[in-house]
Amino acid sequence: MKPPQSLWRCWSTKISRGYCAIRLPLMKSASNSQTRLCSTEVQGNLSPELIKIMEQRLSAIECRSVALQNFLDQPETLPSDYANANREFRKLRDSIDLISELRAKQKEVAGLRTMMRECPEDREMMEMVTEELDQTEEEEKRLQKLLLNSLLPRDDADVRDCILEVRAGTGGEEASLFAMEIFKMYERYSQKKGWKFEVVDIAESDLKGFKEATAAISGNGVYGKLKFESGVHRVQRVPVTEKSGRIHTSAISVAILPQANEVDVQLRNEDLRIDTYRSGGSGGQHANTTNSAVRITHIPSGMVVSIQDERSQHMNKTKALKVLCARLYEIERIRINSGRSKLRAEQIGSGDRSERIRTYNFPQGRVTDHRVGITHHAIDDILLGEDLDVFVDALLLRQEMDAVASFSSVNT
């Protein structure tokens, strides 16, 4: 069922006009000014249709909470049934507290409106009641937005750390050089956010670019912030290897994977084949006399992870297992809930220049994200990690908008 058109028009209009709960600096764009979008909570006023749908859900939660409470009060309840009901009741507790606050504000609003109807001739009283009503209605709207946020579908992996994988695709050495720049862009962005950025492994090209590079990024809600960076990033510029000055188009692929723990992925020794060998290539000369590099093959899936970045074989093995667990965890997440995630192979793509989510055009000094239609004319600031939030926030806001539309569709 499609979401109500009036609801979608209402929210779309607010975005196009630049309505946003948090004001941010303006950024240069194709029209020289465009409001930066952000996503921290539901934006703007809720439409009457959405409030009506949400009220139906709130009433259902209230009824369920009462039923659970009555069930828990019964002395003959079996311990196992009591535990299950109590667990569900605890999950509803935060929503119930907010609903109680909302109901109290709604009662205040109704009382104030009644006062206005009863004393229309008392100007001083009307002014006092009107001011109080405005403040109470604002608080009511705030609580409605908080409740809507609590009802929207969430990805449990959003709070996790992540694994970043960058691979050179179409374009040879130029793609490898751009892969290095993008990898360092995320490193600078992570530093700006106060996250921990740990290089896991890098395979360099002849010109010191990155054929493949992997990092582990740790911090508050890292995966939820970066997950939409997965896909093919295209670059248009004159390569350093180009003698005639022609502009070339190359592509790299980025994958953002949520980190897994031992509870998420249980690796059995019999499912792993671990090989050690001597590190090679730039940066590996220190290990050429020892078998410090590690290659782990997950036999059931055929997945292979090779790490040679560290001097210690043990450290390389630890990093390889972390990456392997992240990849296997993502596959399992997709199997369980294919509608809210993409297969890792789809995230990475083939590296072909036609499969793009974002284009970095150096001659014009612009970066365009094709999913949200935003162009930013400060490519150097993007690559320095300074303005990457222009796209990250817009993509998160679009996800929020889709969740609101999905919420309306499911509950109508």
Quiz item: Where does each of 126-135, 171-180 land if you order them by average Cβ count within 10 Å, highest first?
Solution: 171-180, 126-135
Quiz item: Using the count of nearby Cβ atoms within 10 Å as a rough guide to exposure, how do Ile247, Ile96 rank from fewest to most?
Solution: Ile247, Ile96
Self-check item: Full-extension gain in nm, Met125 to Glu138, via 0.36 nm per residue minus C-alpha separation
Solution: 2.7 nm
Quiz item: What list of whole percents do you get for P(r) of the range 220-266, with Cα-Cα distances grouped in 5 Å bins up to the one holding the largest distance?
Solution: 5, 16, 15, 14, 12, 11, 9, 8, 5, 3, 2, 0
Quiz item: Please identify the trypsin sites (Lys or Arg not before Pro) of the range 100-193 that satisfy two criteria: DSSP loop assignment and at most 16 other Cβ atoms within 10 Å. Which are they?
Solution: Arg154
Self-check item: Estimated vicinal HN-Hα couplings, Hz - the range 320-329 in sequence order (Karplus 6.51, -1.76, 1.60; Gly, Pro = x)
Solution: 5, 5, 5, 5, 4, 4, 5, 5, 5, 5
Quiz item: Which residues does a label at Arg371 reach in the range 212-253, if reach means a backbone N under 13 Å from a point 7 Å past the Cα toward the Cβ?
Solution: 224-233
Quiz prompt | Those residues of the range 168-182 whose amide nitrogen sits under 20 Å from the label point placed on Lys192, 7 Å along Cα→Cβ | solution = 178-182
Self-check item: Per-residue HN-Hα couplings for the range 221-232 [Karplus 6.51, -1.76, 1.60; θ = phi - 60°; Hz; x = Gly/Pro]
Solution: x, 4, 4, x, 7, 9, 4, 7, 7, 5, x, 9
Quiz item: Tell me, what ³J(HN,Hα) does each residue in the range 113-126 have, in order and in whole Hz, if you take phi through Karplus 6.51 cos²θ - 1.76 cosθ + 1.60 with θ = phi - 60° and put x for Gly and Pro?
Solution: 5, 5, 4, 5, 6, 7, 10, x, 8, 8, 4, 4, 5, 4
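Can you put Ser301, Ser230 in order of Cβ neighbours within 10 angstrom, beginning with the fewest?
Values: Ser301 12, Ser230 22.
Lowest to highest Cβ neighbour count: Ser301, Ser230.
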Practice problem: Quick one: which residues, 5 or more positions from Arg160 or on another chain, have an amide H under 5 Å from its amide H? H modelled 1.01 Å from N in the peptide plane, none for Pro or chain starts. | Solution: Tyr223, Gly224
Exercise. Quick one: net charge around Pro120, please, counting Lys, Arg +1 and Asp, Glu -1 for every other residue with C-beta under 14 Å from its C-beta.
Key: -2
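Report the Stokes-Einstein translational diffusion coefficient (µm² s⁻¹, integer) for the range 179-220, Rh taken as the Kirkwood radius over Cα pairs, at 37 °C with viscosity 0.692 mPa s. The partial results should precede the final answer.
Values: Rh = 10.7 Å.
This corresponds to a translational diffusion coefficient of 308 µm²/s.
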Self-check item: Segment Leu78-Val66, length gained on full extension (0.36 nm per residue, minus Cα span)
Solution: 2.4 nm
Self-check item: Estimated FRET transfer efficiency when R0 is 45 angstrom, pair Arg57-His314 (beta carbons, to 0.05)
Solution: 0.30
Quiz item: Could you give the nm distance between label points at Glu88 and Val159, where each point is 7 Å from its Cα heading toward the beta carbon?
Solution: 2.2
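Sort Leu257, Leu164 so that the residue with the fewest other Cβ atoms within 10 Å of its own Cβ comes first and the one with the most comes last. Can you show the working numbers first?
Working: Leu257 28, Leu164 25.
Ascending Cβ contact count within 10 Å gives the list Leu164, Leu257.
We did not get these values from a lab; they are worked out from the coordinates using the rules stated. Predicted, not measured: the structure shown is a model, and the values here were computed from it. As a convention, Cβ positions derive from the backbone with ideal geometry for all residues, glycine included, and neighbour counts pool all protein chains shown.
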